[in-house]
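Here's the structure, in structure tokens; my notes come after.
The values are calculated or read from the model by the stated rules, or taken from the named source; none is laboratory data. Note that this is a predicted model, so its numbers are computed, not measured. All Cβ positions, even for glycine, are placed from backbone atoms using ideal geometry, and neighbour counts span all protein chains on display. Remember, those area values only see protein heavy atoms, side chains included, never the ligands or the DNA or RNA. Shrake-Rupley method; radii C 1.70, N 1.55, O 1.52, S 1.80 Å.
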Amino acid sequence: VTAVVSGNWPNEPAGFAVQSERGFDATVESGWSGAGSPVFTLAIVSDGTASKSPSNVGECPYPTGTGAGGGPFGGEWNGWSGGKTHIYMSFWVKRSSNWSWHSSGVNKIGFVWLHGNPSVYFSDQGSSAPVQAQVRLQNIPSGARNLTPNVTNVAVTAGNWYRWEVVLKTNTAGNANGEAHWWINGTKVGQYTDILYADASQGHTWEKVQYYPIWGGVGGTKAQDEFVRMDHWYISA
């Protein structure tokens, strides 16, 4: 992956075109639409500590009693016209300082869709702080695969803004040569170049990105009011 050295998008591959740049000034903006039911409990709130575009940010609340395996937020997505085989994403995340990591270790942030499925998701993986930033695969020919840090492990903790950058490239037909690269706060965390995202009968182009934070797998409820905040989603392809 050849990156452009840029203060804004330091690991964006050369030659990419902007698909969306969202500052969270409104619940629907920059090509993002609501999905799920209820469509929105996403709030636009003020956070002057946001790293990229203060002070407006998006907040997904997790009030006391929120059950695991979902969230009070129905999700948002951004799609595009025309097949994209190679995409770059940059976004900032902040979990409330009292965030309770789920016992399953799963703390999802969002998804990328391929051949009609949410095939890639980003997870702050772990049941206690600090946790790992993982890219996880599902609904692919192998069934599921968890991509763990294999370059450098950057610890993720609650209470502070941290930045994800991700580059995904689909495989060519019949070849396990798909790619996933990701960075936390500018440090490369993982790099995989042997992924079979789709078989010969499935679509090989990325369809949409979905912001849908999900707490946990099965079992448990939030014992206190918590939140996940998101700022400045940038997507290019």
Low-density loop cleavage sites - trypsin sites (Lys or Arg not before Pro) in the range 22-125, where at most 11 other Cβ are within 10 Å (DSSP): none
In order through the range 212-226: 3J(HN,Hα) via Karplus (6.51 cos²θ - 1.76 cosθ + 1.60), integer Hz, x for Gly, Pro: 8, x, 10, 8, x, x, 10, x, x, 9, 5, 8, 8, 6, 9
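Throw me the Rg/Rh for the range 80-177, computed over C-alpha atoms with Kirkwood Rh, two decimals. Mind dumping the intermediate values first?
Working: Rg = 14.7 Å, Rh = 14.8 Å.
Ratio value, two decimals: 0.99.
How large is Rg/Rh for the chain, to two decimals, with Cα atoms and a Kirkwood Rh?
Working: Rg = 16.8 Å, Rh = 17.9 Å.
Value, to two decimals: 0.94.
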Residue among GLY75, GLY203, GLY219 with the largest mean-square fluctuation in a Gaussian network model of the chain, springs linking Cα atoms under 10 Å: GLY219
Those lysines that a straight Cα-Cα span of less than 19 Å connects to LYS222, excepting residues fewer than 8 apart in one chain: LYS94, LYS108
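For the chain, what is the accessible area per residue in Å² when the probe is 1.4 Å? Intermediate results must be reported in sequence, preceding the final value.
Values: 8970 Å² over 237 residues.
Ligands and nucleic acids excluded, the figure is 38 Å² per residue.
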Cα centroid separation - the range 42-74 against the range 102-119, whole Å: 18 Å
Net charge of Cβ neighbours under 14 Å - reference HIS204; Lys, Arg +1; Asp, Glu -1: -1
5 angstrom amide H check on SER20, placed H, neighbours 5+ away: ILE235
Distance from the range 203-237 to the range 139-159 (C-alpha centre basis), Å: 14 Å
Mean separation of Cα contacts under 8 Å (6+ apart) over length of the range 150-237, as relative contact order %: 22 percent
Net dipole in debye of the range 134-208 [+1 Lys, Arg Cβ; -1 Asp, Glu Cβ; about Cα centre; nearest 20]: 200 debye
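What's the whole-number percent of alpha carbon pairs in the range 135-226 lying beyond 23 angstrom?
Details: 1575 of 4186 pairs.
Looking at the range 135-226, the distances longer than 23 Å represent 38 percent of pairs.
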Set of lysines with alpha-carbon distance to LYS188 below 18 Å, sequence-local pairs under 8 removed: LYS169
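Over the chain, what percent of the accessible surface lies on carbon and sulfur atoms, probe 1.4 Å?
Numbers: 4270 of 8970 Å².
Whole-percent figure for carbon plus sulfur exposure: 48.
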